[in-house]
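Here the structure is laid out as structure tokens; the discussion comes afterwards.
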Amino acid sequence: MAISNSVLLRLLSGQMNKEICFKQYGDKTVVSKYPDMSGRVLSAKQKEMQERMFEANAVAKSILADEELAKDAQVRLNVTRNKLYTALIKEYFKSLKEG
């Protein structure tokens, strides 16, 4: 892991070709190897949440795909078009919580 205060790297953040990561910590840029997540083991709660998120994503995308449903949802949730996906995800999780 390399730490740099270089002007060239100051605003750089993210990853390149899934080989190198650039991270910002305060005024320093840290360059490190891309993390290998292939061996991670999810807990039962993490797996459950991951499945719920897949379901929420599918529901939101199906609503966004139908223009009329999207307009109805936009009016119902009182959000702009660019925030509709996030509002639909939030509504899905709220409906799960309520029953």
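The values are calculated or read from the model by the stated rules, or taken from the named source; none is laboratory data. Just so it is clear, the structure is predicted and the values come from calculations on it, not from any experiment. No Cβ is skipped: glycine too gets one built from the backbone with ideal geometry, and neighbour counts run over all protein chains shown.
Miscellaneous remarks
- If you go through the stretch 25-59 and pick out every residue that is at pLDDT 95 or above and hydroxyl-bearing (Ser, Thr, Tyr), you end up with 1.
- On inspection, LYS33 fails the criterion of being under 19 Å from the mean Cα position of the chain (by Cα) and not polar (S, T, N, Q).
- Here SER62 fulfils each of the conditions (1) outside any helix (DSSP H, G or I); (2) among the hydroxyl-bearing types (Ser, Thr, Tyr); (3) farther than 30 Å from VAL7 by Cβ apart from (1).
- Condition broken by SER13, with the remaining ones in (1) surrounded by fewer than 11 Cβ atoms within 10 Å (Cβ to Cβ); (2) at pLDDT below 95 satisfied: (1)
- Scanning the stretch 53-99 for residues that are of a type in the set (Lys, Arg) and surrounded by 14 or more Cβ atoms within 10 Å (Cβ to Cβ) yields a count of 1.
- Yes/no for LYS97 being over 15 Å from the mean Cα position of the chain (by Cα) and free of Cβ contacts under 8 Å to residues at least 12 places away in the same chain: yes
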